[in-house]
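Participant: First the structure, which I've put down as structure tokens, then a few questions once you've had a look.
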Amino acid sequence: MTTFLRKYKKKKEIIYMKKMKQKQFHEAEYYEKLESNLVRCRLCPRNCVIKVNDLGDCKARQNIDGKLYSLGYSRFTSVHADPIEKKPLYHYKPGTRTMSFGSAGCNLHCDFCQNWSISQVAATNGSLHHVSSQEAISYTVKHRCESIAFTYNEPLINFEWIKETSKLAHERNLGTVLVSNGLINEKPLKELIPLIDAANIDIKSFEMDFYKEICHFPGLERIKKNVKLMVEGGMHVELTMLIIPGFNDNADSISEFVLWVKNELSDRIPVHFSRFYPHFKMQHVPPTPPETIYKAREIALEKGLKYVFVGNLPAEEYNHTLCPNCNAVLVSRYFYSISIDALEKDGTCAKCKAKTDIIV
């Protein structure tokens, strides 16, 4: 083949790929066009300025000919029916299942990420499976799940699909669940809040240096503001902190986190302290001693939080939900075996009739 023909064939392939991408991928919301075909993404606080053909930091949004496209829209690495407790959500529809969807990419790059094989890869991967919003709802109904969950990688970078799918879910009387790092700009978040029923937000640490050095973006303050917006907007919110020995297990920092939850949010926000196991770039760090997790729980209870749980530990005695009024066991949990016999259908305690903050 002559050099001319090679160049001609290559040019045709580029044109074809551009057409395919524009057909396959969904134009992003929350971006602005700049000079020289640059775009600035306005979805999250990174506010990436992206050149033509380049990806944003999340690896899920691409500049194609001066327009920003969401590569994760209707494209997924993982689809699975999970117990709602796996999210973890302990006070939202306990004992039910949620249809979980995960794509690729993330706007944080945590050295300890347990889902790094999908969160730290680009959504340009050709092996992602196509699932439309309507198909996702159909899967949820077919598998007898009461909600649909946006999870596994960072779902907020797939903003457009979440918004579309959540609207359809509510039309079918299905719940919507977000499992997220909480890193998003205020305006798009406010658009999502009425569409999401429950969220578990990972608070990686309560120290900015941890976010800078271990998660590679200083997003803590924005995340704190976002969590407050979610709570004030009526979303059911639970928080998870993975405790890593020598990195974010400082008792004073944990106390500061707990007091923020109590004073800025509510003493009834469920908090999960989870045990770290070596992952990704932290293979050299040992697992968290169980005593550290129990101590974090003890601090939270002493500071006045009503619902504190532990994760990644065989400690079911610490994972039951007790009535904040009479101390009766409302929800008993043994791994994913759940009993809600002491809970009324309106979420009140069957023994003393007190309000319990659990959405049944």
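Participant: So who's got an amide H within less than 5 Å of the one on ALA28, skipping anything under 5 residues away but keeping other chains? H placed 1.01 Å off N, in plane.
Facilitator: LEU68, TYR69, SER70
Participant: Taking 7 Å along the Cα-to-C-beta vector as the label spot, tell me the SER253-LYS295 distance in nanometres, rounded to one decimal.
Facilitator: Calculated label separation equals 1.4 nm.
Participant: Distance from the Cα centre of segment 247-274 to that of segment 276-299, in angstrom?
Facilitator: Rounded to whole Å, the Cα centres lie 16 Å apart.
Participant: Give me a comma-separated list of calculated 3J(HN,Hα) values for segment 103-117, in order, Karplus coefficients 6.51, -1.76, 1.60 applied at θ = phi - 60°, integers in Hz, x for any Gly or Pro.
Facilitator: Rounded to whole hertz, the list is 10, 9, x, 6, 8, 10, 9, 5, 5, 9, 4, 7, 10, 4, 5.
Participant: I would also like to ask the following. Mind listing which GluC sites (Glu not before Pro) in segment 306-344 are in a DSSP loop and have 16 or fewer other Cβ atoms within 10 Å?
Facilitator: Qualifying residues, ordered by number: GLU344.
Participant: Based on alpha-carbon atoms only, what is the radius of gyration of segment 113-185 relative to the globular estimate 2.2 N^0.38 Å?
Facilitator: With N residues counted in segment 113-185, Rg over 2.2 N^0.38 Å equals 1.15.
Participant: So, one more: Could you tell me the convex hull volume per residue, in Å³, taken over the Cα atoms of the chain?
Facilitator: Roughly 148 Å³ of hull volume per residue.
Participant: Just to be sure I understand the model, the point goes 7 Å from the Cα along the line to the Cβ. What's the resulting ALA81 to GLU35 distance in nm?
Facilitator: 5.7 nm
Participant: Rounded to the nearest 10 degrees, what's the angle between the helix 251-260 long axis and the longest principal axis of the chain, both from Cα atoms, 0 to 90?
Facilitator: That works out to roughly 90 degrees.
Participant: If you don't mind, another one. So which trypsin sites (Lys or Arg not before Pro) in segment 131-191 end up in coil per DSSP with only 12 or fewer other C-beta atoms within 10 Å?
Facilitator: Sparse-neighbourhood loop trypsin sites (Lys or Arg not before Pro): ARG144, ARG172.
Participant: Give the angle, between 0 and 90 degrees and rounded to the nearest 10, that separates the Cα long axis of helix 3-24 from the longest principal axis of the Cα atoms of the chain.
Facilitator: Helix 3-24 and the main axis of the chain meet at about 40 degrees.
Participant: Sticking with this one: Got the relative contact order for segment 266-359 handy, in percent, Cα pairs under 8 Å and 6 or more residues apart?
Facilitator: Taking the mean separation of contacting Cα pairs over the length of segment 266-359, I get 21 percent.
Participant: Once phi is turned into ³J(HN,Hα) by the Karplus curve 6.51 cos²θ - 1.76 cosθ + 1.60 with θ = phi - 60°, what whole-Hz value does each residue of segment 122-129 show in order, with x for glycine and proline?
Facilitator: 7, 6, 6, 3, x, 8, 5, 8
Participant: Additional query: Evaluate the distance, in nm, between pseudo-label points positioned 7 Å from the Cα of HIS130 and of SER339 along their respective Cα→Cβ axes.
Facilitator: 4.9 nm
Participant: Can you give me the angle between helix 220-232 and the longest principal axis of the chain, using Cα atoms only, in degrees from 0 to 90, rounded to the nearest 10?
Facilitator: Rounded to the nearest ten degrees, it is 60.
Participant: I need the phi-derived Karplus couplings for segment 147-155: 6.51 cos²θ - 1.76 cosθ + 1.60, θ = phi - 60°, integer Hz, Gly and Pro marked x.
Facilitator: Values, residue by residue: 8, 10, 10, 9, 7, 6, 9, 7, x Hz.
Rule-based calculations on the coordinates, nothing more; no lab input. Predicted model only: the values in this text are computed from it and were never measured. Methodologically, a virtual Cβ is constructed for each residue, glycine included, from the backbone with ideal geometry; neighbour enumeration extends over all protein chains shown.
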